Amino acid sequence: MSDYVLAIDQGTTSSRAIVFDRSGRVVSVGQQEHEQFMPQPGWVEHDAMQIWQHVQEVIGTALGRADLTGHDIAAVGITNQRETAVVWDRRTGLPVHRAIVWQDTRTQDIVDRLAADGGTDRFAPITGLPLASYFSASKIAWILEHVPGARERAEAGELLFGTTDSWVLWNLTGGPEGGVHVTDVTNASRTLLMDLRTLAWREDLLEAFGIPAAMMPEIRSSSEVYGVAETSSLLRGTPIAGILGDQQSATFGQAAFSAGESKNTYGTGCFLIFQTGEEIVHSANGLITTVAFQLGDGPAHYALEGSIAVTGSLIQWLRDQLGLIRSAPEVEQLARTVPDSGGVYFVPAFSGLFAPYWRPDARGAIVGLTRYSNRGHIARAALEAVAFQTRDVLDAVNADAGVPLTELRVDGGMVANEALMQFQADLLGVPVVRPEVTETTALGAAYAAGLAVGFWSGLDELRGKWREDRRWEPALDPAERERRVRAWRKAVTKSMDWVD
Ligand code: G3P
């Protein structure tokens, strides 16, 4: 009898494997960070082979720490950083280029070229997305344009494309010896190539980006058996039965299954997802439309999403690029050395600005500096930027939904930061609520996999597992709150139209 489900979370900074028990609690974790390559301003790359190596290692660590074998695992779920594009040779299994990461902005000229004919929203009615370098399509196009011989090989059916869910699944199910080349609807909805209604690749969009259909994975639901593990000696024969892009996965792990339910995840970036049920809603306020999940042959569920590119990665930047702190948690201590940001505002537009602004030309800006400003103020302004950006997105959600959200469910690494969560509640003017299990990203994929093999009975059972851990009530005077939001928005305007 298998009493556990294993989730692989292939994220932007690390790969993790987490074992969950039937109650949805974490039993053990394996984790490894991978290298971030930034060869030029705006470029961010990953080594897909290193990622695959790490995935195998963390599976071993997670199973080993709990003293389990593959026989104890009923199913495996995969969740992943979305949009990041891997192109590899189907015979050798070797990538033809480093993976181009979602934060990478090198493809802006490809995007501009396409936007010149019909504007940045020309594909939005079909895909739910604006034309932006964030999504996979222009990244695939860049690889085909820049790697010698890649286009011919792709046209001959020799190359495969996948987001990292597909890359991990293909390798886990056999690699060059019969690996399954599949992605799920949530990941496919982030490529700019899928029709939200039919859940199929669009030939005209593939053509617009010059991408041969032969390299695209098959689109399947988020919860079904795609294949069994072949290459991992530990998991051999175990079904892989769930795939969800990480933000949709966190929403699923938060048991936010129904229209009107939402969550905000504080990771490398911040992603607020608002479920709209079976209805496709197009935003009038800078949000994108995405697939939330599809279980087997059931209907697809959709969501509005506010994507913020830089939040947790800003703290990493303070650590790695500025040397202001030695470890990420230290930022809270440093921020506490000052009572407020001293009038300093930090707009971390490192990949331009995503939702709700969608301004690729924006660049990072620190404004309001005086001789009085010190390290504490910078640290505090960086943390506050996370909360201000979430407020911008929440305003857009409220405007689109027509009814304001009454509380915000949160998860992700940064929700351990008490000062940030209090400031977030203060800025939103609604309570911020953290669940007991904050590993919701991995939990969602585990849920999807467990549902497919009958390990859990259905959404009602999963809903019953959600438990509140902590709640932060807003405490800031509303007039002061709005004054600060106005100042933040002024700072945002300073980050735009930057040309050096
Ligand atoms: O869209 C990008 C997102 O999926 C990345 O998530 O948690 O790896 O920052 P994360």
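Derivation of every value follows stated rules applied to the coordinates shown; laboratory data play no part. These numbers come from a predicted model, not from an experiment. Glycine gets a Cβ as well: all are built from the backbone with ideal geometry, and neighbour counts include every protein chain shown.
Quick look at the numbers
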item	result
Alpha-carbon gyration tensor eigenvalues x 5, square-rooted, for the range 367-500, Å	35, 17, 16
The range 282-388 - Rg over Rh from alpha carbon coordinates, Kirkwood radius	1.12
Estimated translational D of the range 140-237 in µm²/s (Stokes, Kirkwood radius over Cα pairs; 4 °C; 1.567 mPa s)	91
Theoretical FRET efficiency, 1/(1+(r/R0)^6), r = Cβ-Cβ of D340 and E407, R0 35 Å, to 0.05	0.90
3J(HN,Hα) from dihedral phi, the range 451-458, Karplus parametrisation 6.51/-1.76/1.60, rounded to Hz, x for glycine, proline	5, 5, 9, x, 5, 10, 7, x
Net +/- balance of residues flanking G444 in space, Cβ distance below 14 Å, scoring K and R +1, D and E -1	-1
Residues K139, K465, K494, K263 arranged by fewest to most Cβ contacts within 10 Å	K494, K465, K263, K139
Table column - 3J(HN,Hα) (Hz), the range 220-230, Karplus curve with 6.51, -1.76, 1.60, x for Gly and Pro	10, 6, 8, 9, 6, 7, 8, x, 10, 5, 10
Whole-Å semi-axes of the ellipsoid equivalent to the chain (Cα gyration tensor, √5λ, descending)	33, 27, 22
Mean Cβ neighbour count within 10 Å, used as a protection proxy, ranking 185-196, 91-102 highest first	185-196, 91-102
Where labels lie 7 Å past Cα in the beta-carbon direction, separation of A259 and E468 in nm	2.6
Long-range amide H partners of D184 with built H, under 5 Å	R220
Amide H partners (placed H, <5 Å) of G352, local residues excluded	none
Residues R236 and Q32, FRET efficiency given R0 of 22 Å [Cβ-Cβ distance, rounded to 0.05]	0.55
Simple spin-label estimate for R326 and V225 in nanometres, 7 Å along Cα-Cβ	5.2
Ranked list, fewest to most other Cβ atoms within 10 Å of each Cβ, for M496, M414, M38	M38, M496, M414
Cβ-defined net charge surrounding V331, 14 Å radius [Lys, Arg +1; Asp, Glu -1]	0
Cβ-based exposure ranking for Y4, Y226, in which fewest neighbours within 10 Å come first	Y4, Y226
Note, ³J(HN,Hα) from phi for the range 234-246, Karplus 6.51, -1.76, 1.60, rounded to Hz, x at Gly and Pro	6, 10, 3, x, 7, x, 9, 9, x, 9, 8, x, 4
